[in-house]
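Just so you know, all these numbers are worked out from the coordinates, no wet-lab data involved. Just so it is clear, the structure is predicted and the values come from calculations on it, not from any experiment. With ideal geometry, Cβ positions are generated from the backbone for all residues, glycine too; neighbour counts draw on all protein chains shown.
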Amino acid sequence: MSQGKKSRELNLSDFPSGTVTEYSTLVCLACIFELFTSQLGLAPRTAYSEIKRYAPSIEELTAPRAVRPFFDSEEKHPHCPHCNAAKRWHARLDTLRIEGGKSTDAARRALAKSLPTKDTQFQFIETKSDRRTLFFNWLDTQRSHLDLDDDSWLIPATRAFLERLEPKNNWSEVFADLRAVRRSQRLEEGWERAGSRLFLSPSIYSEVLIVQYLISRSQTHAGHTFEGRITLVELIRRLRYSHYLGANEITESDQFEILERLVEKVSGGSARTKLYYVVDRRDFLGKVKSVYSLYAT
C-alpha cells in the first residue's frame, strides 16, 4: 500500500468489531466521458460538470460483481476490462457501511463531523434493511474472503461471527495466537480462554457450527465445521443432542423448516436496522479533473 493511499484511510478504531464493512471499486472515467461526449453529444466542460455530480448507487458500489463502468482489479497497473483504458483513467471509490445502533451511533456522528464537506468529497447515504438480509450479505463476504479449501478458515470465521455476536469485545486480543476452539463442558454461557484454546458455552459453540455450515455448504455437498464435514441432517442431530433446538423451542420435524428457524435465530430474523454508508469521493473528484484536462486540450 502506497503512502498516498494510507493518508486516505479513515480512522475506524472507535467502531466495535464487526459493525463496519468496507467496499472498494474502480470506475473507468474513459468509459464515462465517452458516454457523455460521444453518445450524448455533450461538450467536455458540460460533461465534466455532470460527472462531478455523479453519485453511484449503493448497489453499484457494493455489488459482488462490478458492471461497466465499474470494475475490480488487484493489479498494480490495471486496464479497464471494458475499453482497455490505462490506470490514469481510473478512479477509486471506497465505501463504508456502518450498522446503526447504540454501539456505533456516537462513533458514526464523530466520524461524520471529522470529514471535510467541501465539494461533496464524502457522500452520506442512510438506508434500512433487516438482520436476515445483513446476515446473508455477511455470509457472502466471508465466502469471498476465506479460503474454504484450507481448514484454517474455521478459526477466522469463528472470530468474525463472535465479532457480530458481541461487538464490544476486543476479539483481536482474544484470538491472538489462538490454536483451537472447543465446546466448554463447564460454562453455561459466554466464553473463556485457557492458554492457546478458546472455550465456548454450548449455545455459542452450536451457533458457530451453524455459521460454519452455512458458509461452506455451497462449497461442498456437506458443510465443513469444527466437528468435521457434516450434512444438514447430521448438524440437526448434533444440535438436538446438545439441547440447542429444545432451548430455542425449535420443534419442527422437516429438516429445511428447522434450517429456516436456525437461520432466523443466528441472523436476528426480520428485525429492522438502519445502515449508514459513507462514500469517499476524493480520488474520484481528483481524477475527473485530470481526465477533463485531457479532453479540453
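Summary of values
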{"item": "Selected residue (criterion: surrounded by the fewest Cβ atoms within 10 Å (Cβ to Cβ)) from residues of the range 118-172 that are basic (Lys, Arg) and in a helix (DSSP H, G or I)", "result": "Lys118"}
{"item": "Pick from the range 25-47, criterion part of a helix (DSSP H, G or I) and in contact with a Lys or Arg (Cβ under 8 Å, 6 or more places away or on another chain), ranking: surrounded by the fewest Cβ atoms within 10 Å (Cβ to Cβ)", "result": "Cys31"}
{"item": "Exclusive hit being touching a residue at least 12 places away in the same chain (Cβ under 8 Å) and more than 30 Å from Thr21 (Cα to Cα), set Tyr292, Tyr276, Tyr241, Tyr213", "result": "Tyr292"}
{"item": "Every residue from the range 48-68 that is touching a Ser or Thr at 6+ places or on another chain (Cβ under 6 Å) and either part of a helix (DSSP H, G or I) or not hydrophobic (A, V, I, L, M, F, W, C) (or both)", "result": "Leu61"}
{"item": "Test: residue in the range 175-185 that is outside any loop (DSSP other than H, G, I, E, B) and aromatic (Phe, Trp, Tyr)", "result": "no"}
{"item": "Given (1) within 18 Å of Gln142 (Cβ to Cβ); (2) part of a loop (DSSP other than H, G, I, E, B); (3) not polar (S, T, N, Q), number of the condition Val263 does not satisfy", "result": "(2)"}
{"item": "Condition check for Arg65: touching a residue at least 40 places away in the same chain (Cβ under 8 Å) and surrounded by fewer than 16 Cβ atoms within 10 Å (Cβ to Cβ)", "result": "no"}
